[in-house]
Amino acid sequence: MGGTGNCSGDPLVLAGGTILTMNADREVIADGAVCITGDRLRFVGPRAELPAAFTDAEAIDLTGRLVMPGLVNTHTHAPMSLFRGLADDLPLADWLGKHIFPAEAKFINPESVRLGTRLSLVEMLLSGTTTYADGYFHEDAVLLAAQELGMRGVFAQGVIDFPAPGVPDPERNVAAARRHLEQFASDGPQAPAVFAHSPYTCSAGTLVRAKALSREFGVLFFIHVAETEEEVSSTRENHDGLTPIRYLDSLELLGERTVLVHAIHVDEEEQDLIAARGAAVSICTESSMKLASGVAPLPGYLHRGVPAGLGTDGCASNNDLDMFLEMSQTARLHKLCTGDPSVLSARQVVELATRGGARALGLAHEIGSLEPGKLADVIAVRIDRPHAAPLYNPYSQLAYSASGADVDLVIVGGKVLVKERRLTNCDVAEVCRAANEIAVDIARLG
Ligand SMILES: [Zn+2]
């Protein structure tokens, strides 16, 4: 096959391998074939039924691989990879207030945002993520870096009532988000959005204005909410006894196109409320475990049909962007916490990382499953290694024994971005070198 593959729009065939379509019937096809033209899937089925139009097309042999939809990471802050390992093993308030906010104030600018984002993009692509949702400052730089490397995503400009990188005057926070929405097309592969940091860092007025802005442009509205018990008690104190979810509901923020990030300390009535209003949830298991924030009622959300996806959160609180580990930890944590090993099956966590995430981001019509007509976001996962043998159940392998390092082919919108575990359009060593260089200065801050 050619160097970067299929950029010309010529047909491309992925032949052999076991296809996990993740379609409505969860069809699994042994010795399959996936045919791509331009940015779309044209055929997904048994190799023996390959349409004649594709018999002479460029082909990639995927024998010994699982072929599946690219993974969807519903929440991260890509530039924060520059703070990976800077401050670990601390409570959320200390971690944020004493380490992360000061480091951001000093080091975050468009250039460092671009560098941190490139580091995250490289890590995400090499571990099979093809779509992700970002929330940060200088979000235009994040979006442009993703555009350059070909990563699909939703890029939400941060809104917070404190001086922030790129927005020194908090009075201008919603105006900065408006500029971001005006700058980029909302229906492209890199769509803009709005990210209100949290109910405790944004006033009611800011939250209402930020949501109104996202409604006006028809884009997603993200918010960290109900992350810690401390947040619940302070919200109750400051807002007439209302819990964070009830407080957001009182501001009419729980409707469709809202993505509630973390949503951990949420009772059954509040889960009903979220389901009734139409908001989605992004569950960041590893980040919540590391910060000891709590366990989200994910089985309750799924039971109620709430659109739900998995997110890694930023690298400063995880500390990686590998969605395979997110699947594995999510399944295991809920079994441990409920004392019920049947809770959150292997298939369910794979669903959360593919079609579930796509639905949570309002992209289910385009991505999240391998079906003709959908966008060609495809990954191949090696199953010819010792930790993947023998293969009884592909979902089990993905959820419990695979890792991002098993991904060796990544295609986004028909373009081959990773081939044989090498990025086709980026010098990984150079990205790591630049990150290590800036880290010397960041470390001095302590
Ligand atoms: Zn976050």
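The table that follows gives values for the structure above.
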| quantity | calculated |
| --- | --- |
| For the chain, calculated [θ]222 nm from helices alone, where every DSSP H run of n ≥ 4 adds -39500 (n - 2.57) | -9500 deg cm²/dmol |
| Full-stretch length increase - His387, Asn425 - with 0.36 nm per residue and alpha-carbon distance subtracted | 10.7 nm |
| Using a Förster distance of 22 Å, the FRET efficiency for Phe162-Asp187 (Cβ separation, nearest 0.05) | 0.10 |
| Asp89-Ala175 FRET efficiency (beta carbon distance; Förster radius 35 Å; 0.05 resolution) | 0.40 |
| Square roots of 5 times each gyration tensor eigenvalue, C-alpha, the chain, largest first, Å | 35, 24, 21 |
| 0 to 90° range, to nearest 10: angle between helix 204-217 axis and the chain longest Cα axis | 30 |
| Selected from Leu310, Val428, Pro394, residue furthest toward positive end of dipole (segment 289-446; charges at beta carbon) | Pro394 |
| Protection-proxy order for peptides 426-434, 14-22, each taking the mean of Cβ atoms within 10 Å per residue, highest first | 14-22, 426-434 |
| Relative contact order [Cα under 8 Å, 6+ residues apart], segment 1-156, whole percent | 20 |
| Debye, to nearest 20: dipole size of the chain, +1 on Lys, Arg Cβ, -1 on Asp, Glu Cβ | 540 |
| Potential extension, Ala276-Asp25 segment - 0.36 nm per residue separation minus Cα distance | 87.7 nm |
| Arg332 versus Leu445: modelled label distance in nm, points set 7 Å from Cα along the beta carbon direction | 3.2 |
| Candidate lysines - alpha carbon under 24 Å from Lys98, same-chain residues fewer than 8 apart omitted | Lys106, Lys290 |
| DSSP-defined antiparallel bridges as percent of all bridges, the chain, nearest 5 | 45 |
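Each reported figure results from applying straightforward, stated rules to the coordinates on display, with no laboratory input. The model shown is predicted, which means the values in this text are computed figures rather than measured ones. Positions of Cβ are generated from backbone atoms using ideal geometry, with glycine treated the same way; all protein chains shown enter the neighbour counts.
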